[in-house]
2 protein chains.
Amino acid sequence: MRQRLFIPGPVEVSQEVLLSLAKPLMGHRTKDFEEILIECWNMLKQVFKTKNDTLIITGSGTSAMDAAIASCISEGEEVICITGGKFGERLAEIARSYKARVKEVEVTWGETVSIEKVEEAVANSSAKAITLTHNETSTGVLHDAEKIGKIAKEYGLLFIVDGVSSVGGNEFKTDEWSIDIAITGSQKCLATPPGLAFLSVSNKAWEVIEDNDTRNYYLNLKFYRKSLKKNTTPFTPAVSLIYALHQALKEVFKEGLENRIKRHSILAKATREAVKAMNLELLPKEEVASNTVTAIKIPPKLSDDDIRGVMRREHGILLAGGQAQLKGKIFRIGHMGNVSYAELLGMLSALELTLKKAKHDFKLGGGIEAAESIIGKI
Amino acid sequence: MRQRLFIPGPVEVSQEVLLSLAKPLMGHRTKDFEEILIECWNMLKQVFKTKNDTLIITGSGTSAMDAAIASCISEGEEVICITGGKFGERLAEIARSYKARVKEVEVTWGETVSIEKVEEAVANSSAKAITLTHNETSTGVLHDAEKIGKIAKEYGLLFIVDGVSSVGGNEFKTDEWSIDIAITGSQKCLATPPGLAFLSVSNKAWEVIEDNDTRNYYLNLKFYRKSLKKNTTPFTPAVSLIYALHQALKEVFKEGLENRIKRHSILAKATREAVKAMNLELLPKEEVASNTVTAIKIPPKLSDDDIRGVMRREHGILLAGGQAQLKGKIFRIGHMGNVSYAELLGMLSALELTLKKAKHDFKLGGGIEAAESIIGKI
């Protein structure tokens, strides 16, 4: 039995995307490859909802986070980092590793950031930029990028947003929300294999980048800009993954970006209603819960293995565990990319059987009924 | 007509490798994926001929060059960089971008480095490391890594070697040659799609790395070491490319590494004899010419398009041009990876026709005869 991925990346990709990987390699400096790159950049602009430049890096999502920080921030400069989860903290860690002065707006893991606290931090600082993890994959919390964007704009700060697990699955309006650098990865809502990261960069950010004393080479965004003007990438890209991206983006627009976001939102709501009916508790409050990953507390009498182990061994379904301080305390269901309602319902049914096996107290079928009542409303 | 790649990367990969890319994605933190990673690391040790740790980075060859420099060298420290081509200069550029003091041992493009000059540079320096591009892809010159390794060892310098276009196609003995950090890429002699880079790191290098004040995050080798101990990678790897690498490395050992190196050497010699018989001039002296890429001067009466343009348009064969100061002056034939003798001969025949069309003076069939006489000796 092959494992079916319900983790927050890598996600299952379509068979068309898998087969596109198997196309013969092309020279990466040829006109034919240029055309594919240009189409990818343009489709990424639509995904990010931006007129800004879009860039493709061969690397993980973290490579793009690193590139953004390293290209904008110099030693001793102040950055405000909104944390509250593993990936929010990662942006702060990256900034610290480049010897920036990091002012952290701390958020309890599982909660959303207080806009007042952000405003207060910004008002009393000389920060150059503010970083936000739009959808915190480790806690399943969605932050309000729009409101924070307004503050960033008002105070003239660069707004750097990690949209790795939200772009393509959640509303994400780069230009409307004044996002100077938006970041996402291939292996999440865009349903492409891992290994590519994408950024959009505003003119305001380019000005900062051109002036910044960046030491990095591979992740120096200046080089990507220079190559962009020549319709190429500064370093040999992962050609096969670009084929896959090209196919996956076409599939995104075949479904329609808004339809895709709506589907993610229904998948998320159905999942939440189902797990509540299974007598499980969500980690975040529902009003800030993510469209793409649901974080659920492991009931006191159950272990991580009772849930994730049994799901994997008996149902061939891979769920994610908690990370860092949440390890063993929560499990996470990724419902991003191409997941259909039927696939979600099948996974949720397996979860019911798994919980029953562990003698968890709830009404068998209740979770599915709750999920169906959400999906049935469409 | 699909283009057949005779460029120095990306190269043609086997159909088995292409199809392995199309396998369904796995969770990158699963036991099953760990096993694939471990086998890849072990096969890479054999390819590098080392007992040192081997690492896999999702990125281009340059990402590994960057990681090596950034992880070993701090601001103000001295590095000796042997240049003499685009990639030798790139290592120096990377070191400079991290504000190292770079002492360049300059080499005329197309020539090999003088060992005396290296010894002189090392003797009069306080350098922490010496960098070498083993096979300079831009000029088709192979440098003597063994001799330089002896000097590095004698003076206690870290020896960092870019083997991107030599490992797997040329003799490369990491441990015997005292190479502390060896670097290679997926898309050259290992006949894997682009997007992965590999390093081997000696204990001596690890000591330096652990002590170094590295600012980088994604390309900080410390993180790769920490993850290696847990049989994983620090950041989500390009899972599909790892499948391809796994398959490609198995194919390397099915052929036999020594057989593969011998094949490359025959391909190179046959190419050189053929182009000489076609009344063309090699850029490097033959005794320092590369096993994997042959750099040939464009005859005064011919243009780059007369050769590469016609080869591409009429024969579907992609050759490489000159880079930087050699642009328009040379063309390059990549004969690395899985190229067979028959494929090489077909390409060389097309080159004869192309040259004849441009009214270049030589005896039609003479190049093929010369190449056959080399291949026939096996």
Exclusive hit being touching a His at 6+ places or on another chain (Cβ under 6 Å), assigned to a helix (DSSP H, G or I) and not acidic (D, E), set A:A350, A:A342: A:A350
Search result, residues across the range B:1-18 that are under 16 Å from B:G321 (Cα atoms), at the interface with chain A (Cβ under 7 Å from one of its Cβ atoms) and aliphatic (A, V, I, L, M): B:L5, B:I7
Selected residue (only one of A:C40, A:C81 is more than 8 Å from chain B (Cβ to nearest Cβ), outside any helix (DSSP H, G or I) and either buried (at least 20 other Cβ atoms within 10 Å of the Cβ) or within 21 Å of the chain's Cα centre (by Cα) (or both)): A:C81
Subset of the range A:333-378 (residues that are within 30 Å of A:P193 (Cβ to Cβ) and more than 27 Å from the chain's Cα centre (by Cα)): A:T354
Single residue of A:S63, A:S71 found to be in contact with a Leu (Cβ under 9 Å, 6 or more places away or on another chain) and farther than 23 Å from B:I242 by Cβ: A:S71
Selection count where residues are under 14 Å from B:F159 (Cα atoms) and assigned to a loop (DSSP other than H, G, I, E, B), scope the range B:51-78: 2
Residue match in the range A:19-37 (condition: closer than 22 Å to B:S14 by Cβ, in contact (Cβ under 8 Å) with a residue 24 or more places away in the chain, in a helix (DSSP H, G or I) and at the interface with chain B (Cβ under 8 Å from one of its Cβ atoms)): yes
Test for B:E136: is it among the charged types (D, E, K, R), out of contact with any Gly (no Cβ under 6 Å at 6 or more places or on another chain) and modelled with pLDDT of 95 or more: no
Failed criterion for A:S240 (all others in (1) farther than 29 Å from A:E176 by Cβ; (2) more than 8 Å from chain B (Cβ to nearest Cβ) hold): (2)
Test: residue in the range B:48-57 that is in contact (Cβ under 8 Å) with a residue 40 or more places away in the chain, within 11 Å of chain A (Cβ to nearest Cβ), surrounded by 21 or more Cβ atoms within 10 Å (Cβ to Cβ) and within 23 Å of A:A238 (Cα to Cα): yes
Selection count where residues are among the β-branched types (V, I, T) and without any contact (Cβ under 8 Å) to a residue 40 or more places away in the chain, scope the range A:265-295: 0
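Does B:I151 satisfy the condition of being touching a Lys or Arg at 6+ places or on another chain (Cβ under 8 Å), aliphatic (A, V, I, L, M) and part of a helix (DSSP H, G or I)?
So B:I151 does not fit the description; no.
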Options A:V161, A:V201: the member that is under 25 Å from A:A100 (Cα atoms), free of Cβ contacts under 8 Å to residues at least 40 places away in the same chain, in contact with a strand residue (DSSP E or B) (Cβ under 6 Å, 6 or more places away or on another chain) and crowded, with 22+ Cβ neighbours inside 10 Å: A:V161
Test set (1) more than 8 Å from chain B (Cβ to nearest Cβ); (2) among the charged types (D, E, K, R); (3) part of a helix (DSSP H, G or I); (4) touching a residue at least 40 places away in the same chain (Cβ under 8 Å) - A:E111 fails condition number: (3)
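Table: residues versus (1) in contact with a strand residue (DSSP E or B) (Cβ under 9 Å, 6 or more places away or on another chain); (2) charged (D, E, K, R).
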| site | (1), (2) |
| --- | --- |
| A:S20 | no, no |
| A:T30 | yes, no |
| A:L37 | yes, no |
| A:S74 | no, no |
| A:C81 | yes, no |
| A:K86 | yes, yes |
| A:E89 | yes, yes |
| A:S97 | no, no |
Some residue of the range B:320-342 being at pLDDT below 95, among the hydrophobic types (A, V, I, L, M, F, W, C) and loosely packed, with under 15 Cβ neighbours inside 10 Å: yes
Unmet requirement for A:A67, which otherwise passes all of (1) within 27 Å of A:T236 (Cα to Cα); (2) within 13 Å of chain B (Cβ to nearest Cβ); (3) under 15 Å from the mean Cα position of the chain (by Cα); (4) not hydroxyl-bearing (S, T, Y): (3)
Residue within the range A:88-96 that is outside any helix (DSSP H, G or I), at pLDDT 95 or above, more than 10 Å from every other protein chain (Cβ to nearest Cβ) and more than 15 Å from the chain's Cα centre (by Cα) present: no
Residue that is nearest to the chain's Cα centre (by Cα), among those in the range B:207-221 that are at the interface with another protein chain (Cβ under 8 Å from one of its Cβ atoms) and crowded, with 24+ Cβ neighbours inside 10 Å: B:L219
Lone qualifier among A:K128, A:K117 - being surrounded by 17 or more Cβ atoms within 10 Å (Cβ to Cβ) and either within 14 Å of another protein chain (Cβ to nearest Cβ) or among the basic types (K, R) (or both): A:K128
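The values are calculated or read from the model by the stated rules, or taken from the named source; none is laboratory data. Not measured: the values here are computed from a predicted model. For neighbour counting, all protein chains shown are included, and Cβ atoms are generated from backbone atoms with ideal geometry for every residue, glycine included.
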